[in-house]
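Below is one structure, written out as structure tokens; comments come after it.
Please treat every number below as a calculation from the coordinates, not as lab data. Predicted model only: the values in this text are computed from it and were never measured. Here the Cβ positions follow ideal geometry from the backbone for every residue, glycine too, while neighbour counts run over all protein chains shown.
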Amino acid sequence: MLRNVILENLPKGFSETINYGMIGYVVPFSIYPDGYQADPKQPLPFVNIASQKNYIALHHLGLYANKKLLDWFVNEYPKYSKKKLDMGKGCVRFKDPKEIPFELIGKLISKISVTEWISIYESIIKKK
């Protein structure tokens, strides 16, 4: 279900792949040939989802790189879930798959276009 919500809301240009052992949504080399600075043989990552032992993880690099988006997500989360937000820098953890706020995740996924993500990446992350 989480994958379906992501695919339904993923802006045009991102593509689905397997990277780092997870389902990933990336900027393909055809759009961004430089790839990921940490490993240029990998396409520029955007979102990954993974099933861990005790939770499902949504790794959204936009949350890590864009404070405005992070603030929006943190403020919106209580409107969509009764559970406390369990989150790292860019990783949102869901212990119970039934408690995933799919509508909110769909909105989150749709908020950054490919060109916006490349711009954010180049202005913030690539400088590090």
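With +1 on each Lys and Arg Cβ and -1 on each Asp and Glu Cβ, and nothing else charged, work out how big the dipole of segment 2-125 is about its Cα centre, in Debye to the nearest 20.
Taking the Cα centre of segment 2-125 as origin, the dipole is about 500 debye.
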Extension gain THR17-GLU99, at 0.36 nm per residue separation less the Cα-Cα distance, in nm? 27.0 nm
For SER119, project a label point 7 Å along Cα to C-beta. Then give me every residue of segment 64-107 with its amide nitrogen under 20 Å of that point. 64-73
Cα long-axis angle, helix 67-80 against the chain (0 to 90 degrees, to the nearest 10): 30 degrees
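Give me the percent of Cα-Cα pairs in the chain that sit more than 17 Å apart, rounded to a whole number. Each step should come with its number before you reach the end.
Numbers: 4547 of 8128 pairs.
For the chain, the share of Cα pairs beyond 17 Å comes to 56 percent.
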Calculated from DSSP H runs of 4 or more alone, at -39500 (n - 2.57) each and per residue, what is the 222 nm mean residue ellipticity of the chain, nearest 500? -9500 deg cm²/dmol
Ranking TYR32, ILE109, TRP72 by how far each Cα lies towards the positive end of the charge dipole of the chain (+1 on Lys and Arg Cβ, -1 on Asp and Glu Cβ), the top one is TRP72
Output row, site GLN42, 7 Å Cα→C-beta label point, backbone N cut-off 14 Å, window segment 84-128, residues none
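Let me check I've understood the local charge: for GLU76, count other residues with C-beta under 13 angstrom from its C-beta, Lys and Arg +1, Asp and Glu -1. What total comes out?
Within the 13 Å Cβ shell, the charges total +2.
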